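The next block holds one structure in the form of structure tokens; read it before the comments.
The values are calculated or read from the model by the stated rules, or taken from the named source; none is laboratory data. All values derive from a computational prediction rather than experimental measurement. As a convention, Cβ positions derive from the backbone with ideal geometry for all residues, glycine included, and neighbour counts pool all protein chains shown. Accessible surface areas use protein heavy atoms only, side chains included; no ligands, DNA or RNA. Shrake-Rupley method; radii C 1.70, N 1.55, O 1.52, S 1.80 Å.
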Amino acid sequence: MKKTTVLFGILFLMLVSCTKDREIPYNIVTIDPNSVLIHYWNFNTLSGTLTTISPDLTKIPNSNAAITYDGTGAGYMDAFSPGYDLNTQNNEIAGGGIKARNPSDTRNLLFSLPTTGYKTIVVQFATAKSSSGATTQSYSYTLDGTNYTTSGLSTSVFNPTVDPVASIVSLDFSSITGVDNNPNFKIKISFSGTTVSGTSGNNRFDNLTVKGVPLSLTAPPANLSYTVPASFTINTQIIDLNPSVSGNITNYSVSPSLPSGLILDTTTGIISGTPTSLSAAINYTITATNPYGSANVTVAITVAAAPLYLIHYWNFNSLPITGTTITAPVLADSSLITPITANITYEGTGAGYVDSYTSPTTLNAQNADVSSLGIRFRNPSDTRNVIIAAPTTGYKNVVMKFATARSSAGASIQNYSYSLDGVNFITTGLTTNTFNPNIDPAYDIVTLDFSSISGANNNPNFVVKINFGGIEASGTTGNNRIDNLTFQANQL
């Protein structure tokens, strides 16, 4: 007899110790793999007596999802701890749960569970009871918020185990179409058994989940749109264009192919990249597809040259009158880089000097300026250099232009170089580094393109130098003439 008793004790201990977390499943249902968690109560932040409990998580905004303990009598609802591990979501730990206290035969636990936008509903929760709690839970549901039924419900009654051994109950509504997309869906739990009318005891609940399949998964895409700017800038990365669309999308496509450098992510529909070639406005049809159909939208995409900004400009129209020697640096008449430090000097030795003259040209004039004055650099010019300090802070792809000519005795050669440090001058990367000006009044525009010279970008020390050559440069008469000098660039 003693051996039998010991053996029974060992078997009992094995049974208890092999019950994971002292929780056991009750009825197992298959949940659609496309289901998502619509409502979730983990009850972990509750305390004290409770009247209405809102979900800890819900995908239906402004819904009336709630748990109440409706009825009459002394029964009430409160929190308990610790709760159960069974049916926890998002890797949560067991926190707290709720108790529906006796007397429970005059009350019902109501779960208000709107399913708007979802179908194939499954409700699950962990449950147990105290030793004197109601021994039977009965489940019914309503589609109109008023009239309750058990029709089509495979599980309508359950006898909970005594805490701390909990069970998971699964209520499968996936075959009851009236539950789908229903703002009035509710579940009622009523209690019975010999202890239900007692003044002590309770039934316990934790980790209530409502899962379902979004209706959008079974509908074709709709309302596809993109917000596209008037144009993109060549060689400049675009801000990603995200689609706005209703429904579940399995694939995106576009026709014809997007401009070079731009790509459409066929999974997300995001348009991204850096356009590498100019393109006039072209209509592109983007299609979003799923197994139930497709939606498309036409967008116009233009790739334009980067806007040029006039960062420095000399029109020379405010220079002293002709014949007055200019010794001070000539500041730019306008500049986007302030305070204005861009200036022109005529540095070196010898008798050469600077003054103004009446210019006949409007070549390269900006802002509808009329011809007025220009600047001239007098011989001897072989011992002097024109130094043009033109900071490019905040700008890139710099291009310098000016109108130029010479007097009949002026230097016949202009040589161009630049400095990135304000001291050392080079011609590296400069496609034009010499020019032979015509005799006034035949003016030309000289263009010095620094756009491929990265060191000229965003450079506060950028300087351009013009020196003069030819047999005329050492003469005592003659001059070279410049008007309407500009620096244009793109913003960084």
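Couple of notes before you dig in:
- The residues of segment 210-220 that are surrounded by fewer than 24 Cβ atoms within 10 Å (Cβ to Cβ) and either in a strand (DSSP E or B) or in contact with a strand residue (DSSP E or B) (Cβ under 7 Å, 6 or more places away or on another chain) (or both), listed by number, are Lys211, Val213, Pro214, Leu215, Ser216, Pro220.
- In segment 300-320, the residues that are over 21 Å from Val463 (Cβ atoms) form Cβ pairs under 6 Å with partners that are part of a loop (DSSP other than H, G, I, E, B) and open to solvent by less than 30 Å² (accessible area, probe 1.4 Å), at six or more places apart or across chains, as follows: Val303/Pro259; Val303/Pro275.
- Filter result for Thr298 (open to solvent by 30 Å² or more (accessible area, probe 1.4 Å) and under 28 Å from the mean Cα position of the chain (by Cα)): yes
- Screening Ile189 on (1) open to solvent by 40 Å² or more (accessible area, probe 1.4 Å); (2) assigned to a strand (DSSP E or B) shows it passes everything except condition (1).
- Restricting the search to strands (runs of 3 or more DSSP E) fully inside segment 353-419 and requiring at least 1 residues that are in contact with a Leu (Cβ under 7 Å, 6 or more places away or on another chain) and either open to solvent by less than 30 Å² (accessible area, probe 1.4 Å) or of a type in the set (D, E, K, R) (or both) gives 354-358, 373-378, 395-406, 413-419.
- Only a single item in (1) open to solvent by 50 Å² or more (accessible area, probe 1.4 Å); (2) outside any loop (DSSP other than H, G, I, E, B); (3) polar (S, T, N, Q) is not met by Thr322, and it is number (2).
- When the residues of segment 92-110 are filtered to those that are under 44 Å from the mean Cα position of the chain (by Cα) and open to solvent by 40 Å² or more (accessible area, probe 1.4 Å), the one that is farthest from Asp56 (Cα to Cα) is Ile93.
- Cβ-Cβ under 6 Å pairs, at least 6 apart or on other chains, segment 381-398 side closer than 21 Å to Asn490 by Cβ, far side among the polar types (S, T, N, Q) and crowded, with 19+ Cβ neighbours inside 10 Å: Thr392/Asn459; Lys396/Asn457; Lys396/Asn490; Asn397/Asn490; Val398/Thr392
- Scanning segment 223-239 for residues that are part of a loop (DSSP other than H, G, I, E, B) and of a type in the set (A, V, I, L, M) returns Val228, Ala230, Ile234, Ile238, Ile239.
- Of all residues in segment 223-240, those satisfying the criterion of being touching a strand residue (DSSP E or B) at 6+ places or on another chain (Cβ under 6 Å) and under 14 Å from Thr298 (Cα atoms) are Asn223, Leu224, Ser225, Tyr226, Val228.
- Scope segment 240-273; condition part of a loop (DSSP other than H, G, I, E, B) and open to solvent by 50 Å² or more (accessible area, probe 1.4 Å); matching residues: Asp240, Asn242, Asn248, Thr250, Pro256, Ser257, Ser260, Asp265, Thr266, Thr267, Thr268
- Lys129 being in contact (Cβ under 8 Å) with a residue 40 or more places away in the chain, in contact with a Pro (Cβ under 6 Å, 6 or more places away or on another chain) and closer than 17 Å to Thr199 by Cα: yes
- Contacts under 7 angstrom Cβ, first residue in segment 467-492 being without any contact (Cβ under 8 Å) to a residue 60 or more places away in the chain and closer than 13 Å to Ser407 by Cβ, partner part of a strand (DSSP E or B) and open to solvent by 20 Å² or more (accessible area, probe 1.4 Å), 6 or more apart: Gly470/Ile413
- Every condition in (1) assigned to a loop (DSSP other than H, G, I, E, B); (2) farther than 23 Å from Lys401 by Cα is met by Ala306 except one, and the failing one is (2).
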